[in-house]
Amino acid sequence: MRKLVYLFIAVSALFSCQNNNKYTIQGTVTGDAYEGTSVYLQQMTENAMVATDSAIVQNGTFSFSGMADTAVLRFIALDETVDPQQERRIPVLVEPGKLEVTFDTVVTVKGTKINDAYTNFRLQQRELVQNIRSIIGQYNSQNAAGTMTEEQDAQLQQSYEEINKQLTDLNFNFIKDNIDNKLGEFVFQNSSSMFEAEQQKEILDLAGEEFKSTERIQRVRKRLENLENVAVGKKFVDFTLKDTEGNEVSLSDYAGKGNYVLVDFWAAWCGPCRQEMPNVVAAYDKYKAKGFEVVGVSLDQEHTRWVQGIKDLNMTWPQMSDLQYWDSPIVDLYAIQGIPHTILLDKEGKIIEKNLSGKALDAKLAELMP
């Protein structure tokens with residue numbers, strides 16, 4: 001009898017543990033378009049989304065269930081062929097408990113502390129993004145109509161910067177509070193570029209070793225290392241490319257030779273680069289006699305288009321490229337995330353400013369070469 005009692009206790013404990021690890025996902029899809037279609041529970045791999053389970057939408061609902069020994073990141077995805085306008089995929093942290101997922105105008109996931117926090121974060125994020133789009137819409141509309149005043153321009157710019165900071169802070173705080181779980185890691189992987197280097201380092205200091213050892217995060221860490229190497233106050237990092245005639249040229253052929261040098265990373269296909277180039281041309285014409293040089297480093301792919309861009313934009317300073325587009329090693333070497341990207345070097349080749357443009361570039365050069 002005693003053995004039977006022990007066996008009963010052991011079996012009861014086993015079932016208790018299993019029940020404690022059970023998860024259920026109850027889903028709702030508004031509208032009739034998805035009735036009878038498949039819903040997928042997916043796992044994100046390095047190369048693709050892989051379905052681990054599926055269900056059918058019946059009477060506007062679907063469900064998944066199973067055991068979750070550890071919390072894992074999964075994605076719930078609707079049939080992508082039904083409605084291109086519908087938000088069709090949402091990340092969820094699958095963990096013991098009951099989750100409720102609603103696909104409506106806004107997709108929500110509720111039921112556990114972390115998923116609740118992520119939904120709240122997404123809703124705030126959505127509102128801020130909509131506000132930013134509204135400001136951009138106003139700016140473009142008034143520019144196109146020719147009704148933009150300097151005061152309105154400044155107000156819209158200020159509003160944009162304020163909301164953009166709120167968005168950055170929102171992402172940073174969510175990730176910092178959740179970098180110990182898969183949802184926090186996922187958000188960081190997809191938004192790390194919006195943070196300053198020190199913020200990225202702060203988050204990674206809190207992250208687990210397994211996450212930091214992944215290939216994607218190793219690239220982030222390498223970029224931070226490269227960024228440190230080309231920080232303001234450091235000497236330029238040399239590289240060798242080819243000029244428009246195919247001759248090898250190095251940055252050191254111009255930098256550290258007694259002139260102030262603006263290294264301008266650009267491309268003929270880059271609209272913002274073309275928009276900014278008249279300011280660089282004006283600065284070059286104004287200060288070249290006082291010891292100012294510009295070196296263009298192109299991220300183009302086509303030699304003909306590169307050379308035509310130089311001609312069209314009246315760029316009369318030295319140019320170099322490897323025509324490898326974003327695959328150029330220079331992108332990683334200088335931790336470039338977007339162009340135009342500029343670096344101003346002093347006479348000894350030390351980096352003194354980054355990303356100067358327009359009036360700010362002219363003001364800095366006037367300070368250096370009065």
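Observations, loosely collected:
- Conditions (1) modelled with pLDDT of 95 or more; (2) more than 21 Å from the chain's Cα centre (by Cα); number of the one not met by Leu299: (2)
- Considering only residues in the stretch 284-309 that are in contact with a Phe, Trp or Tyr (Cβ under 9 Å, 6 or more places away or on another chain) and hydroxyl-bearing (Ser, Thr, Tyr), the one that is surrounded by the fewest Cβ atoms within 10 Å (Cβ to Cβ) turns out to be Tyr284.
- Residues in the stretch 66-76 that are modelled with pLDDT of 95 or more and either farther than 19 Å from Gly97 by Cβ or over 26 Å from the mean Cα position of the chain (by Cα) (or both): none.
- Index of the failed condition, Met44 passing every other in (1) open to solvent by 50 Å² or more (accessible area, probe 1.4 Å); (2) under 35 Å from the mean Cα position of the chain (by Cα); (3) modelled with pLDDT of 95 or more: (3)
- Filtered residues of the stretch 189-241 (kept if open to solvent by 40 Å² or more (accessible area, probe 1.4 Å), assigned to a loop (DSSP other than H, G, I, E, B) and of a type outside the set (A, V, I, L, M)): Glu196, Ser213, Thr214, Gly233, Lys234, Asp238
- Any strands (runs of 3 or more DSSP E) falling wholly within the stretch 49-154 and containing at least 1 residues that are of a type in the set (Lys, Arg) and open to solvent by 40 Å² or more (accessible area, probe 1.4 Å): 72-78, 89-94, 97-103, 107-110
- Picking from residues in the stretch 334-356 that are in a strand (DSSP E or B) and among the charged types (D, E, K, R), the one that is most open to solvent (accessible area, probe 1.4 Å) is Lys350.
- For the stretch 320-370, the candidate set comprises residues that are β-branched (Val, Ile, Thr) and under 20 Å from Val220 (Cα atoms); within that set, the residue that is farthest from the chain's Cα centre (by Cα) is Ile330.
The values are calculated or read from the model by the stated rules, or taken from the named source; none is laboratory data. Note that the structure is a prediction, hence the values are computed from the model and not measured. As a convention, Cβ positions derive from the backbone with ideal geometry for all residues, glycine included, and neighbour counts pool all protein chains shown. With ligands, DNA and RNA removed, areas are computed over all heavy atoms of the protein, side chains included. Shrake-Rupley method; radii C 1.70, N 1.55, O 1.52, S 1.80 Å.
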